[in-house]
Amino acid sequence: MDDRSSLVYSTKAGRIKEEKKSVSRPPPGDGIVRVTLKRLGGNKALSSVTGLDLDEEALKDLCRFLKQKCGVGGTVKDFTIEIQGDKRSVIQVELEKKGYRVKLAGG
């Protein structure tokens, strides 16, 4: 097959299955959870939580808990919990209740 061609349709392979990511553990940290503030365009802010040594499912559960406590939306991306708005103080209190060592970093 020519390197310059772009395959549009082929009946050779049948159905194409998406590959799943095999990474299920976060990179090792120093045991301190860091809560940072990121400024986005348009006078918006994002509270970012890093340093949690949890798998993806546990991170999603913790994200759901923090979203309920803060009353805002959020998501998990690359082992980082992102919560909408400047909710660093609420996140710090809730994580300390769960036994984590928390530092407010940046922002």
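Rule-based calculations on the coordinates, nothing more; no lab input. This one's a predicted model, so the numbers in the text were calculated from it and none came from an experiment. Every residue, glycine as well, gets a Cβ built from its backbone with ideal geometry; the counts of neighbours run over all protein chains shown.
Close amide-amide hydrogen proximity is noted between Gly85 and Ala45, Leu46, Ser47, each under 5 Å apart and 5 or more residues distant or on a separate chain (H modeled in the peptide plane; Pro and chain starts excluded). The order of Ser6, Ser48, Ser89, going from fewest to most other C-beta atoms within 10 Å of their C-beta, is Ser6, Ser89, Ser48.
Any chance you could check the Cα centroid distance between region 81-98 and region 58-74 for me, in angstrom? The distance from the Cα centre of region 81-98 to that of region 58-74 comes to 9 Å. Inter-label distance, Lys77 to Ala58: 2.4 nm, where each label sits 7 Å from its Cα along the C-beta direction. On full extension, the segment bounded by Asp86 and Lys69 gains 4.8 nm, given 0.36 nm per residue less the C-alpha separation. The shape of region 32-105 can be summarised by an equivalent ellipsoid whose semi-axes, obtained from the alpha carbon gyration tensor, come to 18, 13, 12 Å from longest to shortest.
Taken one residue at a time, the phi angles of region 87-94 give Karplus couplings (6.51, -1.76, 1.60, θ = phi - 60°) of 10, 4, 5, 5, 5, 4, 4, 5 Hz. Gly and Pro are set to x.
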